[in-house]
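Student: Could you have a look at this structure, given as structure tokens, before my questions?
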Amino acid sequence: MDFDYSPRVQEMRSRLLAFMDEHIYPNEQRFHDEVDSNRRADNAWIPTTIVEELKPQARKAGLWNLFLPRSKRVPEGLSNLEYAPLCEIMGRLSWAPEVFNCSAPDTGNMETLERYASEEIKRAWLDPLLAGEVRSAFAMTEPDVASSDATNIRSRIERDGDHYLINGRKWWTSGAGDPRCKVYIFMGKTNPDAPRHSQQSMIVVPADAPGITVVRALKVFGYDDAPHGHCEVVFRDVRVPVGNLLLGEGRGFEIAQGRLGPGRIHHCMRSIGAAERALEYMCRRLAARVAFGKPISAQGVWRERIAESRCMIDQARLLTLRAAHMMDTVGNKVAKAEIAMIKVVAPNMSTKIIDWAIQAHGGGGLSDDFPLAAMYANQRTLRLADGPDEVHRNAIAKLELARHADLPGGTERVDMPITRGA
């Protein structure tokens, strides 16, 4: 594997860094001030003007829809390996990826529609998403079952003539709080009597379809993630055309395998960017503060933590690049172990380093004067989102056992987990 970025990626990386310096970092406080002002006006969910102002500039700079490879609709799309260093830079601020139309869950939903939807569905929903005209949501996890095992999902997608009727209660539905959300991708059972991994299907659901109720926005460590957010949503006798079903009945797990692989690694790329920023904050704080007669950065314990942070970040980056390379060259299915490994490694790494950065800031690290507390909340969710650590570790262990001696279960089926939460 060649670890050097191609000339094209190096040039785009320089362009993105310059865009961040000119447009993103200087507007960080404005973004938060807008959200706070909207919240005080009891309208926290409206889109911020700063992000909407920056989107055309990002598009003009050629930094738009970079996440989507091998698409005739997006000739500028990069491979996973090419996208990795750019996604990492975007991940330094939680709201930055939206400026480049590279934010979750839209990226995963757009990949799903590109791979599995009919041309009619693509024209109706994929094209507006690629243009940044609308946003989307992904409805999979449910509150009443252990969604770490996606076969537990109870929501139903039942055929009724030329339509399907959709019923179920979902939560942690990413994007449902955004007023620009115009479409859901919904996972539910079409045939509960089919084999275990053939019961589920995915279907495209217009957000304005009768019977959809957004019950509440869910907070994470006190943060509501406005203006995007995660929500609990009830679907009651929601009727959609048969043509909205993706790929066919019973193929929901197959679609999830394709969707969540790129989604997971994108999260990991952004986690590395968040960790880099946390380490930068840590070093600046430690060098600027004096305790017990010398700079805190001279204390042995903090030098240990700085060194360990650098090792952890670079290790995670290399594993992420390896997983991205394999996804590009041998496919998501063959790369399932590497995807699972990086999904465990990256969020654990980032939360550890952010935690140290919070500690270095003392009481300030707990406040909103610095972005660290919000960064921690955001990164800690990723140890559950797109599958909890325990499920990924179990899959990694099964794959490793299968590689070695003839042990019982050595030929056991091992699927990359498709869960999104606990």
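The values are calculated or read from the model by the stated rules, or taken from the named source; none is laboratory data. Owing to the predicted nature of the structure, the values given are computational and were not obtained by experimental measurement. Don't worry about glycine lacking a Cβ; one is built from the backbone with ideal geometry, like all the others, and counts go over all protein chains shown.
Student: Looking at region 170-197 only, could you name the residues that are closer than 29 Å to GLU133 by Cβ, of a type in the set (D, E, K, R) and out of contact with any helix residue (DSSP H, G or I) (no Cβ under 8 Å at 6 or more places or on another chain)?
Tutor: Within region 170-197, LYS170, ASP178, ARG180 qualify.
Student: Output the strands (runs of 3 or more DSSP E) that fall wholly within region 180-276 and possess 2 or more residues being in contact with a strand residue (DSSP E or B) (Cβ under 9 Å, 6 or more places away or on another chain) and crowded, with 23+ Cβ neighbours inside 10 Å, or say none.
Tutor: Answer list for region 180-276: 181-189, 200-206, 230-241.
Student: Mind listing just one residue for me: the one in region 96-124 that is charged (D, E, K, R) and touching a strand residue (DSSP E or B) at 6+ places or on another chain (Cβ under 6 Å) and, of those, surrounded by the most Cβ atoms within 10 Å (Cβ to Cβ)?
Tutor: Selected residue: ASP106.
Student: Among the residues of region 320-358, write down those that are outside any helix (DSSP H, G or I) and free of Cβ contacts under 8 Å to residues at least 60 places away in the same chain.
Tutor: Result: VAL330, GLY331, VAL334.
Student: Does THR151 qualify as being buried (at least 24 other Cβ atoms within 10 Å of the Cβ) and under 22 Å from the mean Cα position of the chain (by Cα)?
Tutor: no
Student: Considering (1) closer than 30 Å to THR151 by Cα; (2) modelled with pLDDT under 95, say which one CYS268 fails and leave the rest.
Tutor: (2)
Student: Also, I was wondering about something else. Run ASN152 past the list (1) within 25 Å of ASP237 (Cα to Cα); (2) in the same structural domain as GLU76 (by TED's automatic domain parsing) and report the number of the one that doesn't hold.
Tutor: Exception for ASN152: condition (2).
Student: Being closer than 30 Å to SER155 by Cβ and under 25 Å from the mean Cα position of the chain (by Cα) narrows it down to one residue among ILE272, ILE255; which is it?
Tutor: Criteria check complete, one pass: ILE255.
Student: Something else now. I want to confirm something. Restricting to region 339-362 and keeping residues that are more than 17 Å from the chain's Cα centre (by Cα) and not small (Gly, Ala, Ser), which single residue is farthest from TYR281 (Cα to Cα)?
Tutor: Residue satisfying both the conditions and the ranking: LYS352.
Student: Taking GLU52 as the residue in question, decide whether it is at pLDDT 95 or above, under 20 Å from the mean Cα position of the chain (by Cα), not in a loop (DSSP other than H, G, I, E, B) and not assigned by TED's automatic domain parsing to the domain that holds VAL330.
Tutor: Here the answer is no, as GLU52 does not meet what is asked.
Student: So, ASN109, is that one in contact (Cβ under 8 Å) with a residue 40 or more places away in the chain and in a loop (DSSP other than H, G, I, E, B) or not?
Tutor: No.
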